[in-house]
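Quick note: the coordinates plus some simple rules give every number you see, no bench work behind them. Values in this document were obtained by computation on a predicted structure and should not be read as measured data. Every residue, glycine among them, receives a Cβ derived from its backbone with ideal geometry; neighbour counts consider all protein chains shown.
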Ligand code: ZN
C-alpha cells in the first residue's frame, strides 16, 4: 500500500540528495496533508449543514457531533420547517448522535457548530455531557458560551466542557451575513 502511495506521488520518492529541510527521507516533497486542522475539517461539515439550512430558508447554522473520530450526528437549523422552537442544529445533531450510540450521555464527544450556541443548546450540551465544544462565529445577540452568558464557565455546574472558538469564523459569519443581506 505504501508503495502505491509513493509511485502515485507526482514527485516520486525523494532521494537523499534532494529532500527539503525538515523532511524525512522518503516523505513526499510536497506536503500532502490538508491545510485544515482536524477542527477545521469537521467545521466544514457543519458549514455544509449550515448551507443546506440556508437553502431551505432557515437561518444557516449547522452542527456535527464527533465521537472517536467519527461523525455520529449531523444537524442543521430547522425550527421553521419542523414547526419546532427546539429544532436548532445542535439539538438535532445531539439527538441523532445519542440515538446512534443508544446513550443519552455522550462523554468524550465533540460538538462542532458554526455559531455560538444559545441558552437552550448550551443546556443540552451540559445535559449530554459533551466533552468538547468547538464553534465558529460568536453570537453577540444570543450566545450563551461567551457573549451574553458564560454558562459553561459557571463553577456551580459540575460538568466541564472544553471550549474552542473562532474555527473558520469568517466563513461561518459570512454565511449568516449573506443570508440576512439577501433577505432584506
Ligand atoms: Zn440553540
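Listed values, structure above:
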{"quantity": "Ranking of 61, 72, 125, 80 by count of other Cβ atoms within 10 Å, fewest first", "calculated": "80, 72, 125, 61"}
{"quantity": "Order of 175, 157 under a 10 Å beta carbon neighbour criterion, fewest first", "calculated": "157, 175"}
{"quantity": "Segment residue 36-residue 170, length gained on full extension (0.36 nm per residue, minus Cα span)", "calculated": "46.8 nm"}
{"quantity": "Radius ratio Rg over Rh of the stretch 113-184, counting only Cα atoms, Kirkwood formula for Rh", "calculated": "1.02"}
{"quantity": "Protection proxy ranking of 160-167, 53-60 - average other beta-carbon atoms within 10 Å, highest first", "calculated": "53-60, 160-167"}
{"quantity": "Projected label distance in nm at residue 147 and residue 180, using a 7 Å step from Cα toward the beta-carbon", "calculated": "0.8"}
{"quantity": "Burial ordering of 152, 126, 92, fewest other beta-carbon atoms within 10 Å first", "calculated": "126, 152, 92"}
{"quantity": "Label-point separation, residue 120 to residue 154 (7 Å along Cα→Cβ), nm", "calculated": "1.8"}
{"quantity": "Rounded to 5, percent antiparallel among DSSP beta bridges of the stretch 36-184", "calculated": "55"}
{"quantity": "Whole-number Å³ per residue for the convex hull built on Cα positions in the stretch 37-184", "calculated": "99"}
{"quantity": "Stokes-Einstein D in µm²/s, Kirkwood radius over Cα pairs - the stretch 75-155 at 20 °C with 1.002 mPa s viscosity", "calculated": "167"}
{"quantity": "Mean Cβ count within 10 Å, highest first, over the residues of peptides 108-118, 93-103, 129-139", "calculated": "108-118, 129-139, 93-103"}
{"quantity": "Estimated distance in nm for a label pair at residue 48 and residue 100, the labels positioned 7 Å out from Cα along Cα-to-Cβ", "calculated": "1.2"}
